[in-house]
Ligand code: DQA
């Protein structure tokens with residue numbers, strides 16, 4: 001199964017960005033984690049990050065056209081981008097929303113994600129392990145679908 005792992009703004013700075021909140025894993029390490037997990041699970045995983053909203057929306061359109069599964073950390077766009085949410089609503093495959101930090105335990109403006117209502121499920125607060133868990137879930141779903 002094809003799986004896209006999309007990351008929103010500032011996640012390219014992982015490893016140096018607020019390490020007390022996001023941990024010391026670098027973005028390169030996160031890519032490697034997702035790719036190696038995908039290989040072990042037999043998933044074709046493509047990992048991308050962008051700071052440009054229109055770029056993410058274009059990637060989501062392609063994923064929708066392909067019927068692909070998506071793991072998405074919308075980062076700050078989670079909290080206000082109706083355009084990202086609407087693009088997520090076009091997806092035909094499962095969508096797992098991931099947040100590295102526990103957004104519910106942080107500033108109030110982070111408590112609500114406009115994406116969550118159109119996601120299949122949400123993982124938050126488990127660090128970068130959330131991505132690995134999301135990929136395991138998608139692989140298990142595929143097995144169940146036969
Ligand atoms: C985040 C949480 C968001 O509130 C924040 O804007 C991010 C990262 C997370 O992974 O915990 O950039 O999505």
Highest average packing first - 71-77, 30-36, Cβ atoms within 10 Å:
71-77, 30-36
Contact order normalised by length for region 1-130, with contacts defined as Cα pairs under 8 Å and 6 or more residues apart; what percent is it?
26
Spin-label pair residue 66/residue 118, simplified geometry with 7 Å Cα→Cβ offset, distance in nm:
1.9
Packing-wise, with mean Cβ within 10 Å as the measure, how do 132-139, 104-111 rank, highest first?
132-139, 104-111
If you stretched the chain out fully between residue 86 and residue 106, how much longer would it get, using 0.36 nm times the residue separation minus the C-alpha to C-alpha distance?
4.7 nm
Overall form of region 1-88 per C-alpha gyration tensor (a/c, 1.5; a/b vs b/c):
oblate
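Rule-based calculations on the coordinates, nothing more; no lab input. Not measured: the values here are computed from a predicted model. All Cβ positions, glycine included, derive from the backbone under ideal geometry; neighbour counts span all protein chains shown.
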